[in-house]
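The values are calculated or read from the model by the stated rules, or taken from the named source; none is laboratory data. Just so it is clear, the model here is predicted, and its values are computed rather than measured. Cβ placement follows ideal geometry from the backbone for every residue including glycine, while neighbour counts extend to all protein chains displayed. To get the accessible areas, we keep the full protein, side chains included, count just its heavy atoms, and leave off ligands, DNA and RNA. Shrake-Rupley method; radii C 1.70, N 1.55, O 1.52, S 1.80 Å.
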Amino acid sequence: MAERSDTFRIPIIKLHDKLIVSIQMALSDRLVMQLKDDITTRIERVNITGLIIDVSGIDVMDSYISRALRDMGLIARLMGVRTVISGLDPMIAMTLVEMGLDLKGVSSALNLETAIELLDRKPAKTRGKGGTV
Amino acid sequence: MNDTRQQILEILSGSMSDILARSVLSLSISWSKVDPNNLRHGDDKRLLVELEKGIRLYVRDDALQRTCMEQMQSLLTINGHTRPSPVAEPQIRVPVLTESDIVDARGIGRLVCNKLGFSGAMQIKVATAISELARNIVQYAGKGEIIITTLDGNRRGIEVVARDEGPGIADIDLVMSDRYNSRTGMGIGLKGTRNLMDEFDLKSNPDNGTEIRVRKYMD
Amino acid sequence: MTTDTQQLQTELGDLKTRLKRQGESLEFLQIISKTFVSLSLNDKAAICDTFNSMVSSFMDARKSATLLISADGDGYDVVSRQGVSDPEKLSGSEASELWRWVISERIARFVDGEDMGRRCPSLTEVFPAGFACVPIDIREQPVGLIVLADKVNGTEFSGEELEFMSAAAGIVAVTLTNAESHATQESLIRSVEQQAKEAQRVAAEREQALEELDQKLEIIERQRFAIQELSTPVLQLWDNVLALPVIGVVDTRRSAEIMERLLAEITEKQVRFVILDITGVEVVDTRTADHFIKVIKAAELLGSTCILTGIRPAVAQTLIEIGVDLSSISTLRNMQEGLKECLRRMRDLKSGDVEEI
């Protein structure tokens, strides 16, 4: 297991103007760190506007993993990329809420399709003053 | 596994027909609202009262009545009362040395919960808690172990003990308070674990390291 | 010499007759026992009737009666009779005295008219020439007697005849005993059978009652479950809109149930909007509010927007007083408004305006 996680990386796919990361395994801390680095590097290299992290295959989301995902979203935003997390298991969502954790700063979508839809909308209006992009 | 239900049936069948024995048991259970396979403190008495009614009603012979009641009493008091809890039950020890052990530990925990018949939500909660506890060991002590124990006494459930011989936590109250927010997120993890579990017990001092004992029950 | 010879011849004749008679008696006794065995009579009256008629016909007696000591032990019942027109005379108290005296000696005897007239004048009419009688003993205890009188040939009852009567009485005693024990046995068997049947019936009834109760309990359990399901129904209100009207008390357990069901439905139906309607919730405390907030947050983590509707005035007041912050949650008046809002947001999504990402 240790050896595998040393060499194994989570694939990051570029689709049009988006990066899609599909996590289909139990996340070790090393994999999480590796993913964070990989995403940052890819955002820098390719011209994209959105990042979708599909977590439908994740086993557990503890404070470390949820924080890392949130960090990825915040880092991406600083680099001008919006992040959507999709496919969260309802039981994991419940566990997160009960632990008092959240994914603030990152949007959620029910599935990959709606995540793409969400990113294809015009960027957010600022609330109240009606300022637009 | 101790199947008290079956044992009660066997005792009843000694003095009445099988169908009658089943009826008496099911009525006693519904009247006392006690699950014989999940006896808690005090439950044994309530179940016994109802069973006694049934035995009085259907067992004509006095001597037979007495033996039946005695057998029932000894069975239930052993299972529900005097029996120490938790009993030495199957235990799994997972050494935690590297961060990949975290994944292993929570995977094992989830498997145990699955075998116990925990719901999907509960399996994930326990796995998440184990993940937090194991990460705590890796990050702060470097070396320790996770002990997963099946609780099969008064309340069915699972116990997770995380033990290490690290530096210990200097101010437990501070770590567990709402104000605390470590750079690495230890406070959040432990508080989250406490919220997820039914019981949470943290012992720590600089000499012996840290021991965190959590429990989650089935109901 | 002649007279001697004649006398001897007469004696011989007598002897022959007596021998013949004795042979007949034995034969007759055999017949009686055979009769009783083959008829296997169990009724006392029937036994006495049979016996009475057989004995009297053998003895050639015109009058005969069989009496048994009555159940109370004081008097005598005339169980069977022949040629006796007024049986009440035989069961009178005066007669009873006589019978008691007769059977106290426990032997067959002849009571002549004179003796009877002295002891029991009322019977003189019935048996003017006296009578022969023999007690019937069962296990050494007298239970009754047979009375015979008025032989057809007018002769008296000989000692041999009385002996025959005793033997016959012995047979009837055995038969009566058998009948009695048979009756006891019968009644015993009947009562045991009766008890068994009764026990079976009771057991069957109880079992049925228990089964019925079990069924009822099962139905109640099912209904309880159904009610629980109904009390937190998750309704598909619109395309992409789920509604969850919460009614009643929301405790920890119920909130966990609501949460699990709602989240599972969101993922399963992939709906964008959820309306959590709490019009039916009368009391909201910190914990209940906390549960609602958790449900809403979890739904949002899944990518579904949750709108809270139907907060009652009293509930709203309580929430503010206990300091629950619901500012991050969209709250609307009622479910209709909630649905309107959902539709509006859906239109915005389609038109490409997104409020917040």
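If you plug the beta carbon distance of A:MET25 and C:LEU235 into 1/(1 + (r/R0)^6) with R0 = 41 Å, you get a FRET efficiency near 0.65.
The heavy atoms of A:ASP17 offer some 60 square angstrom of accessible surface to a 1.4 angstrom probe. Taking the Cα centre of chain C as origin and assigning +1 to Lys and Arg Cβ atoms and -1 to Asp and Glu Cβ atoms, the resulting dipole is close to 1060 debye. Just to confirm the number: angle between the C-alpha axis of helix A:63-78 and the first principal axis of chain A, 0 to 90 degrees, nearest 10? Helix A:63-78 sits roughly 40 degrees off the main axis of chain A. To the nearest 10 degrees, how steep is helix C:286-302 against the longest Cα principal axis of chain C, on a 0 to 90 scale? Compared with the principal axis, the helix lies near 70 degrees. About its Cα centre, the dipole of chain B is roughly 460 debye, where the only charges are +1 on Lys and Arg Cβ and -1 on Asp and Glu Cβ. Summing Cβ point charges (Lys, Arg +1; Asp, Glu -1) relative to the Cα centre of the protein assembly as shown gives a dipole of roughly 4340 debye.
Kirkwood hydrodynamic radius, computed over distinct alpha-carbon pairs, for the protein assembly as shown: how many Å, to one decimal?
35.1
If you roll a 1.4 angstrom probe over the protein chains with everything in place, what fraction of the accessible area of the protein assembly as shown belongs to carbon and sulfur, to the nearest %? Exposed carbon and sulfur together represent 52 percent of the surface.
Per-residue surface analysis assigns A:VAL97 an accessible area of about 10 Å², computed on protein heavy atoms at 1.4 Å probe radius. If you sort the three axes of the alpha carbon gyration tensor as a ≥ b ≥ c, you get a/c of 1.5 or more for chain B and a/b above b/c, which makes it prolate.
Under the combined filter of DSSP loop state and at most 12 neighbouring Cβ atoms within 10 Å, region C:4-95 retains none of its GluC sites (Glu not before Pro). The long axis of helix B:18-32 is offset from the longest Cα principal axis of chain B by roughly 50 degrees.
The GluC sites (Glu not before Pro) of region C:112-158 meeting both criteria, a DSSP state outside H, G, I, E and B (loop) and at most 10 other C-beta atoms within 10 angstrom of the site's C-beta, are C:GLU125, C:GLU140.
For A:GLN34 and A:LYS14, calculate 0.36 nm times their separation in residues minus their Cα-Cα distance, and state this gained length in nm to one decimal. Difference between extended and current length: 5.4 nm.
Looking at the protein assembly as shown, the accessible area is 52 square angstrom per residue; that uses a 1.4 Å probe and ignores ligands, DNA and RNA. Note on the protein assembly as shown: helix-only mean residue ellipticity at 222 nm, from DSSP H runs of 4+ residues weighted -39500 (n - 2.57) and normalised by residue number, equals -17500 deg cm²/dmol. Rounded to a whole number of µm²/s, how large is the Stokes-Einstein D of chain C at 25 °C and 0.890 mPa s, given Rh as the Kirkwood radius over C-alpha pairs? Estimated via Stokes-Einstein, D reaches 82 µm²/s.
What total accessible surface area, summed over both chains, is buried at the interface between chains C and A, computed with a 1.4 Å probe and given in Å² to the nearest 100?
On the way: alone 21560 and 8480 Å², together 27630 Å².
Accessible area lost upon association: around 2400 Å².
Peptides A:49-61, C:42-54 ranked from most to least packed, by the mean per-residue count of other Cβ atoms within 10 Å: A:49-61, C:42-54. Solvent-accessible area lost on pairing A with B (1.4 Å probe, both sides summed) amounts to about 2000 Å². Across peptide B:115-124, the mean count of Cβ atoms from other chains lying within 10 Å of each residue's own Cβ comes to 4. Surface listing: A:HIS16, C:HIS291 arranged by accessible area from highest to lowest gives A:HIS16, C:HIS291, probe 1.4 Å. Qualifying trypsin sites (Lys or Arg not before Pro) in region C:127-193, where qualification requires a DSSP coil assignment and no more than 13 other C-beta atoms within 10 Å, comprise C:ARG139. Mark the label point 7 Å from the Cα of C:ARG206 along Cα→Cβ and return the residues of region B:47-61 whose backbone N is within less than 14 Å of it. Taking a point 7 Å out along Cα→Cβ of C:ARG206, the residues of region B:47-61 whose backbone N falls under 14 Å are B:51-61.
For a straight C-alpha distance cut-off of 18 angstrom, the aspartates and glutamates reachable from A:LYS104 (same-chain residues fewer than eight places away being disregarded) are A:ASP54, A:ASP62, A:ASP71, A:ASP89, C:GLU300, C:ASP325, C:GLU355, C:GLU356.
Partner lysines whose Cα lies under 18 Å from the Cα of B:LYS53, excluding those fewer than 8 positions away in the same chain, are identified as B:LYS33, B:LYS45.
Taking 56 Å as R0, compute the FRET efficiency from the Cβ-Cβ separation of C:SER181 and B:GLU199 and round it to 0.05. The pair C:SER181/B:GLU199 has a calculated efficiency of 0.15.
Within the assembled protein chains, the solvent-accessible surface assigned to B:ARG215 is about 50 Å², based on a 1.4 Å probe.
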